[in-house]
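Notes for the one structure printed next.
Here, each number is a calculation from the coordinates, and none is a lab measurement. On a predicted model such as this, the values are computed, not experimentally measured, just so you know. Cβ atoms come from the backbone with ideal geometry, glycine included; neighbour counts cover every protein chain shown.
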Amino acid sequence: MIFRGFFIEDNDTEAVFAEQMSTKGKLELKHERPRPVSRHSKEIFSRHPDILILDFRLDIDLGEMEPNEAYKGSAMAQQIRDLAINEPEHDFPIFLVSSEEKIREQFVPDRTSHDLFDNVCSKEHVTTERDRVRQELISLCSGYKILRSKASEFNLPELAGLPSDDGYVLDYQDLRQSMQRAAAPHLVATIFLNQLLLRPGPLIDIYDACARLGISKGEAGTVSEWLRERDLSYNGLFSDGWPRFWAHLLDDFSRRIFGGRATGIPSEERAIKASEAFGKNLAPAKSPWTGKTDELIGFACSCCFDGTEMRHSVGMFEMELPSYSIRRRICWRCIHDDRYLESTPPFVIDESDKNVVEEIKKLQKPE
């Protein structure tokens, strides 16, 4: 099956991104210039695309539109989301692709528009990480196809690929209530993407998995293959675009090979035991700050993805953090070097750690 969609962009020279995001035999994207928003939104919705990709600023090159007809991508996204509430069987993903500058300076401050998009990506990342972006787009198309087939009867364990007797893994009141209120596929997609896949909690990515095992992120390929062979991987909604692993299954496995709580053991000791279990010599995780392997590495830095430890990291500010999610953290190295400010959108440090950040900036990094 070939998925089809539209890329709305007012700059004709940027129309090439439609081709860059397409995948032969899997996803075909057609570029269109923006037209008056109400009419254009209804036209797109009536064509039942598999995906819509929008630039944020659609009000720069107006073409044949009048100045009073100018609008941003969020205005079109809002109208289409409203239409989908009435016709959920025709709902589809909306993906924002714009320049890093526009995302940082214009989209990020516009908080009212954040929930309208399934994901946000800079045009620079489309160029540098094309394969990953293409896979995410195809995964969104596939996931929405599944959601449309459910006729608004959304079963959380089933969508997460869990056997019925393992439903307790996601049995959280705020998660259950969010699912019960979800009247259209895009509302379910928001729950899975923003609350389960894009932040650590019941599901973790390969870098967090490596950190919990005390293994360097450079071994991610080996660890990922090994964990998949042992059925620790997540196989639910959007798993093709965002590979994840079940945290509770990894913790059970860790207790068996380490004989106790993994993050209470220095990474070099964990790496030795993990190497024995894997049957392959695996490099231990080094602290991004001290460069040592005897630290209590426990999670991946959300900026550089290296395994890091609590004492050399700071917390991120995350509004409305679900009860089942883990607050993400950033290692001292990324703070010291201002790397965390380069993310799109930039990470925000929790106020409780603001004083720590000021002290980190004064320190000299260990050699």
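Below is a table of values for the structure above.
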item	result
Lys pairs, the stretch 3-149 - Cα-Cα below 25 angstrom, 8 or more residues apart or on other chains	14
Distribution of pairwise C-alpha distances over the stretch 156-197, 5 Å bins, in %	5, 22, 34, 28, 10, 1
Fluctuation leader among Ser239, Ser267, Ser275 - the chain, Gaussian network, Cα springs under 10 angstrom	Ser275
Difference of contour (0.36 nm per residue) and Cα-Cα distance, Glu158 to Ala283	41.3 nm
Fraction of antiparallel bridges per DSSP, the chain only, in percent to nearest 5	45 percent
Sequence ranges 221-227, 91-97, ranked by mean other-Cβ count within 10 angstrom, highest first	91-97, 221-227
Residue with peak Gaussian network fluctuation, the chain [Cα springs, cutoff 10 Å], from Arg270, Arg81, Arg111	Arg111
The stretch 277-348-the stretch 133-208 distance, computed between alpha-carbon centres (Å)	25 Å
Antiparallel bridges, percent of DSSP beta bridges restricted to the stretch 10-141 (to nearest 5)	20 percent
Residue among Lys292, Lys217, Lys24 with the largest mean-square fluctuation in a Gaussian network model of the chain, springs linking Cα atoms under 10 Å	Lys24
Convex hull volume of the stretch 204-362 per residue (C-alpha atoms, cubic angstrom)	123 Å³
Check: the stretch 204-362 dipole with +1 on Lys, Arg Cβ and -1 on Asp, Glu Cβ, in debye	340 debye
Pair Ser149, Asn86: separation of 7 Å Cα→Cβ label points (nm)	2.8 nm
Expected 222 nm ellipticity per residue - DSSP helices of 4 or more, -39500 (n - 2.57), all of the chain, to 500	-10000 deg cm²/dmol
Reachable lysines from Lys292, criterion Cα separation under 23 angstrom, eight or more residues apart if same chain	Lys217, Lys273, Lys280, Lys361, Lys362, Lys365
